[in-house]
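First the structure, in the form of C-alpha cells, and then the observations on it.
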Amino acid sequence: MSPCGAYEKGVPSRSLYNFRVLAQKLDDATEKGREEGIKIGEKKEGLMPTQKELRATMSKKLQEAIKHPDPTVAAGRKSAIKRWVGVLQDNFMGHIKYFKDDKLKFLHEVFQDGDCWSGIRLNNAALGQRFTEEKIGGIDNPLSEYNIACRYCVVDKIPSLFEKQFDSYKRSFSSNAVDGNGRPVKDDNKYILNSLLYGMKREDPVLSFWIDRESGGLKQPSNASEGFDSAVKLEWSEGVEYFYNHLKEEDKEKKLTEAIISISLSFISI
C-alpha cells in the first residue's frame, strides 16, 4: 500500500526518493504493529497463527492474478501484492477466513485490472474505486465498502456509505434501550451518532476521520497540509498519498522530510 504508487511521473527524483523512504517507513510501522498484535493473540487465544497462514495463502492466490509479458513487471507486481496483504490492518482483514471461492475472486479481478497498477506499483486511487464497487464481474464485494472508502479516500462515496452504516446501527437498538441517564435512545440520533463514531474510532481512527460529530456529514481537514500531518500521525499510507497529492508544490518536499523524521522518531521511542 505504498503511497508513491500513482504519482511517480513528473515527481522530482529527490522527492520520489523521499516518498519511497516514507512509504517504507509507514509499511514498517504497520507491520510492526501487526506483529505485536499477533504475539498478543497467540498468548490470549492461539488464533493468530491461523490468520497468518491464511494471509500467506491469500497472498499466493492473489499473485496468480498477475499476467504480464514482461517477467520483471510481473515479478514486481507479485511482490507488491505480497506487501499489500502483509501490511493490511487486522480490522480490514478481520473476516479473512471468509475470503474463499467467489469472495477471493473479487480481489483477484481487481488485481487483474491494469488500471489498478502504475508500473509495478499499486495505484491507490484506482484501487479505492474498485474496492468500493458493489460487484465486479457479477461477484459481490466481500469488503466493507465504507471502511474501504475511508481508508482509500474515496471522498465522494463516503457520505452515502456512512448513512447506510448509521441506519444499520440505529436499527440495532431495541425500542426499550436507554442511555446512562435512563433516557430512551432509539430516536436520539445525536446519541446514536456519537456512539457509532466512538466505536469506529476505537476500531480504526480512519473510520471516523471523515465524519463530522455534530452533523454526521462529511468533514474534511481545513487544508491539505493539516490532512497530511494527520495521516502521518495515524500511519495511514493511503491518506498520506491522498493529501500529498493536494499539497502546494512548494510545500511537498518540506512535508515529506518532516514526515520521514516524525516516523523515524516514533520508531526510536518504541
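The values are calculated or read from the model by the stated rules, or taken from the named source; none is laboratory data. Just so it is clear, the structure is predicted and the values come from calculations on it, not from any experiment. Don't worry about glycine lacking a Cβ; one is built from the backbone with ideal geometry, like all the others, and counts go over all protein chains shown.
Would you check if there is a residue in region 219-232 being of a type outside the set (Gly, Ala, Ser), closer than 28 Å to residue 129 by Cα and over 22 Å from the mean Cα position of the chain (by Cα)? First the steps, then the outcome.
We begin by selecting, within region 219-232, every residue of a type outside the set (Gly, Ala, Ser); these are 219-221, 223, 226, 228-229, 232.
Within this subset, residues satisfying the condition of being closer than 28 Å to residue 129 by Cα are 219-221, 223, 226, 228-229, 232.
With the extra rule that they be over 22 Å from the mean Cα position of the chain (by Cα), the set shrinks to none.
No, region 219-232 contains no residue that is of a type outside the set (Gly, Ala, Ser), closer than 28 Å to residue 129 by Cα and over 22 Å from the mean Cα position of the chain (by Cα).
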What single numbered condition from (1) within 23 Å of residue 239 (Cβ to Cβ); (2) at pLDDT 90 or above; (3) touching a helix residue (DSSP H, G or I) at 6+ places or on another chain (Cβ under 8 Å); (4) not hydroxyl-bearing (Ser, Thr, Tyr) fails to hold for residue 189? (1)
Note on region 217-242: residues in contact with a Gly (Cβ under 9 Å, 6 or more places away or on another chain) and either free of Cβ contacts under 8 Å to residues at least 24 places away in the same chain or among the small types (Gly, Ala, Ser) (or both) are 221, 227, 230, 231, 239
Are any of the residues in region 111-127 of a type in the set (Ser, Thr, Tyr) and either within 27 Å of residue 209 (Cα to Cα) or buried (at least 20 other Cβ atoms within 10 Å of the Cβ) (or both)? no
Which of (1) buried (at least 19 other Cβ atoms within 10 Å of the Cβ); (2) within 30 Å of residue 188 (Cα to Cα); (3) free of Cβ contacts under 8 Å to residues at least 40 places away in the same chain does residue 168 not meet, given it meets every other one? (1)
Identify, please: which residue in region 171-218 is among the charged types (D, E, K, R) and within 19 Å of the chain's Cα centre (by Cα) and is, among those, surrounded by the fewest Cβ atoms within 10 Å (Cβ to Cβ)? 202
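Which members of region 145-183 meet the condition of being of a type in the set (D, E, K, R) and either in contact with a helix residue (DSSP H, G or I) (Cβ under 8 Å, 6 or more places away or on another chain) or not in a helix (DSSP H, G or I) (or both)? So that I can check it myself, show each step before the final result.
To start, the set of residues in region 145-183 that are of a type in the set (D, E, K, R) comprises 145, 151, 156-157, 163-164, 167, 170-171, 179, 183.
Passing the criteria: 145, 151, 157, 164, 170, 179, 183.
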